[in-house]
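Structure first, then comments.
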Amino acid sequence: MTAGPVKAVSESSEEGGAVLDGPSRPLLSLDDMSVRFALGGRRAGETVHAVTEARLELRPGQVLALVGESGCGKSVLASALLGLLPANAWLRGSARVGGAAAEEDIELLSASERVLAGRVRGRRVGLVPQSAATHLTPVRTARAQLAETVRELRGHEDDGDVDELAERVGLDPAALEHYPHELSGGMAQRVAVASALVADPPVVVADEPTTGLDRPLVDRTMDLLGELANRNRGVLLITHDLSAARRVATHVAVMYASRVVETGPAEEVFDRPWHPYTVGLLNALPERGFEPIPGHPPALTELDALERKWGCVFCQRRPDTPGVAACDGTTELVSYGDRAVAAHPPC
Ligand SMILES: [Zn+2]
């Protein structure tokens with residue numbers, strides 16, 4: 001999985017994929033990872049609790065969907081892994097990314113900008129950004145931009161490399177001659193996915209990759225990510241779109257108010273959710289009646305005080321629901337087999 005020529009999907013995507021559970025080495029492991037932002041100006045002294053004590057693992061062959069409402073901290077978590085947070089952020093805990101067998105892990109949260117730029121971004125961790133169209137430079141063709149990434153990450157470039165990448169993501173290489181404003185949303189998203197695959201990184205982080213796309217394009221983007229996992233890469237899919245997550249996720253982590261509140265194999269969590277927040281998210285899906293979760297998530301600047309008072313801050317969101325106000329749950333994740341849940345043990 002070192003930087004090198006990318007194999008065509010058709011050569012290596014076996015039927016059924018190769019989901020390697022169990023003893024395979026994690027590609028990415030987060031251990032008690034926290035992110036805080038110190039506010040300034042009129043709000044000096046306040047702290048945003050964006051990510052709190054996240055513990056996650058991503059293994060070869062997995063698509064781990066990190067789901068939750070916007071503002072719960074999931075995109076901050078993704079940016080932190082790539083060293084893309086502003087200067088007022090501080091980080092605790094660790095996030096280690098592996099490489100090929102002989103390569104040592106890199107601890108991302110303490111890595112210098114030199115290490116992140118030279119060894120991590122694009123090489124060990126590819127990023128599919130939130131808005132592909134705005135991520136591209138407007139004054140250069142898609143081909144010129146992709147070719148530049150290929151030169152930077154592979155040290156050489158020819159048109160064949162760029163065409164092969166385009167074909168790998170289902171894009172007609174002729175489309176690369178266009179400028180970003182001439183590309184449809186789906187085409188721009190494919191260029192972004194192709195850029196993330198240039199050095200064949202073991203981990204791909206896709207941060208809300210379906211924003212602004214219609215459903216057929218959402219499905220195609222998800223399938224591209226699923227194919228990566230079938231080739232033994234690991235995909236961390238950040239999304240508020242549960243329908244998209246259901247399509248490809250092998251595993252799910254549900255995030256609420258800066259904390260992961262439930263994790264497990266995707267099918268089990270979607271079919272039998274344990275945490276009332278996961279239940280609420282699923283009930284808000286169109287096919288389950290579109291029932292929104294009442295209330296709003298708490299302000300991330302007040303989490304510390306709220307958690308000290310209530311423990312489970314989700315049930316505090318819906319104190320009118322009979323039986324729920326009595327929840328005295330903790331924020332700690334408790335494991336049951338290959339699943340884990342905070343505050344609300346399975347009945
Ligand atoms: Zn509760």
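The values are calculated or read from the model by the stated rules, or taken from the named source; none is laboratory data. Please read these numbers as outputs of a predicted model, since none were measured by experiment. Positions of Cβ are backbone-derived with ideal geometry, glycine not excepted, and every protein chain shown enters the neighbour counts.
Out of all the residues in the stretch 272-286, which are in contact with a helix residue (DSSP H, G or I) (Cβ under 7 Å, 6 or more places away or on another chain) and away from the ligand (no atom under 16 Å from the Cβ)? If the condition is that a residue be in contact with a helix residue (DSSP H, G or I) (Cβ under 7 Å, 6 or more places away or on another chain) and away from the ligand (no atom under 16 Å from the Cβ), then Leu282, Leu285 are the ones that fit. Is it fair to say Val76 is in contact with a strand residue (DSSP E or B) (Cβ under 8 Å, 6 or more places away or on another chain), at pLDDT 95 or above and of a type outside the set (D, E, K, R)? Yes, satisfied.
Number of residues in the stretch 311-324 that are modelled with pLDDT under 75 and out of contact with any Lys or Arg (no Cβ under 8 Å at 6 or more places or on another chain) equals 6. Within the stretch 49-84, can you find the residues that are surrounded by fewer than 23 Cβ atoms within 10 Å (Cβ to Cβ), of a type in the set (A, V, I, L, M, F, W, C) and more than 18 Å from Asp31 (Cβ to Cβ)? Matches in the stretch 49-84: Leu84 only.
The set of residues in the stretch 236-266 that are closer than 24 Å to Val125 by Cβ and within 16 Å of the ligand (Cβ to nearest atom) comprises Val254, Met255, Ser258, Arg259, Val260.
Taking (1) away from the ligand (no atom under 16 Å from the Cβ); (2) part of a loop (DSSP other than H, G, I, E, B); (3) of a type in the set (A, V, I, L, M, F, W, C); (4) under 18 Å from Cys72 (Cβ atoms) in turn, Val269 satisfies each apart from (2).
Residues that are closer than 30 Å to Pro286 by Cβ and at pLDDT below 90 are absent from the stretch 242-254.
Working only within the stretch 83-106, note down all residues that are charged (D, E, K, R) and closer than 29 Å to Gly45 by Cα. Result: Arg92, single match. Taken together, the criteria exclude Ala192 from residues that are part of a helix (DSSP H, G or I) and over 27 Å from Glu57 (Cα atoms). Being out of contact with any Lys or Arg (no Cβ under 9 Å at 6 or more places or on another chain) and either buried (at least 17 other Cβ atoms within 10 Å of the Cβ) or assigned to a helix (DSSP H, G or I) (or both) is the filter here, so list the residues in the stretch 149-162 that pass it. Thr149, Val150, Arg151, Glu152, Arg154, Gly160, listed by residue number.
Within the stretch 22-46, the residues that satisfy the criterion of being surrounded by fewer than 17 Cβ atoms within 10 Å (Cβ to Cβ) and either touching a residue at least 24 places away in the same chain (Cβ under 8 Å) or closer than 20 Å to Arg92 by Cα (or both) are Ser24, Arg25, Asp31, Asp32, Ala38, Leu39, Gly40, Arg43, Gly45, Glu46. Scanning the stretch 263-291 for residues that are over 15 Å from Ser243 (Cα atoms) and small (Gly, Ala, Ser) yields one hit, Gly264.
Is the stretch 54-65 home to any residue that is modelled with pLDDT of 95 or more and either in a helix (DSSP H, G or I) or within 14 Å of Arg92 (Cα to Cα) (or both)? Yes, that holds for at least one residue.
The single residue among Arg92, Arg43 that is over 16 Å from the mean Cα position of the chain (by Cα) and modelled with pLDDT of 95 or more turns out to be Arg92. Checking each residue in the stretch 169-189 for being in a helix (DSSP H, G or I) and of a type in the set (S, T, N, Q) picks out only Gln189.
Of the numbered criteria (1) in a loop (DSSP other than H, G, I, E, B); (2) without any contact (Cβ under 8 Å) to a residue 40 or more places away in the chain; (3) over 21 Å from Leu237 (Cβ atoms), the one Thr137 fails is (2). With respect to the conditions (1) in a loop (DSSP other than H, G, I, E, B); (2) buried (at least 16 other Cβ atoms within 10 Å of the Cβ); (3) among the small types (Gly, Ala, Ser), Ala166 lacks only one, and its number is (1). Within the stretch 124-134, the set of residues being in a loop (DSSP other than H, G, I, E, B) and modelled with pLDDT under 95 comprises Pro129, Gln130, Ser131. Cβ separations smaller than 9 Å between residues 6+ apart or across chains give the following pairs from the stretch 308-319 residues that are more than 13 Å from Tyr256 (Cα to Cα) to residues that are near the ligand (Cβ under 8 Å from one of its atoms) and at pLDDT 80 or above: Arg318/Pro276.
Restricting to the stretch 281-310, name every residue that is assigned to a helix (DSSP H, G or I) and within 17 Å of Leu66 (Cβ to Cβ). Listed by number, the residues that qualify are Leu281, Leu282.
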